[in-house]
Amino acid sequence: MVEPQKEHFPIGELVSDILSTYQLKAEQRNIRLKLDALGMLPAVFADIGLTERIFQNLLDNAFKFTPDGGQILIALS
């Protein structure tokens, strides 16, 4: 069992960084990646590594089920 190592971090920056790593894959399939973050979001208190893995899994699934030429939208509020 993994013991979460919680810390405060800006979720918008984390998701933006993750999306940038998926940008090449998106361009290869002509998929538009979009982040919709409403203003300044408060910091979250969570395990940054586990949170990153969750978003990566969500994006992997989104790519799996999004047709070429489609769009993937991540909305944070």
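Summary table below
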item: Count of the range 46-72 residues which are closer than 27 Å to Glu7 by Cβ and in contact (Cβ under 8 Å) with a residue 40 or more places away in the chain; result: 8
item: Out of Glu27, Glu3, sole residue that is loosely packed, with under 10 Cβ neighbours inside 10 Å, free of Cβ contacts under 8 Å to residues at least 12 places away in the same chain and not polar (S, T, N, Q); result: Glu3
item: Residue that is in contact with a helix residue (DSSP H, G or I) (Cβ under 9 Å, 6 or more places away or on another chain) and touching a residue at least 12 places away in the same chain (Cβ under 8 Å), where the choices are Ala43, Ala75; result: Ala43
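The rows are residues; the columns are (1) more than 17 Å from Ser77 (Cβ to Cβ); (2) among the aromatic types (Phe, Trp, Tyr); (3) more than 15 Å from the chain's Cα centre (by Cα).
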{"position": "Gln5", "(1), (2), (3)": "yes, no, yes"}
{"position": "Gly12", "(1), (2), (3)": "no, no, no"}
{"position": "Asp17", "(1), (2), (3)": "yes, no, no"}
{"position": "Thr21", "(1), (2), (3)": "yes, no, no"}
{"position": "Ala37", "(1), (2), (3)": "no, no, no"}
{"position": "Leu58", "(1), (2), (3)": "no, no, no"}
{"position": "Ala62", "(1), (2), (3)": "yes, no, no"}
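Bear in mind that the values in this text are calculations on the coordinates, not laboratory data. Nothing here was measured: the structure is a model prediction, and the numbers come from that model. Glycine gets a Cβ as well: all are built from the backbone with ideal geometry, and neighbour counts include every protein chain shown.
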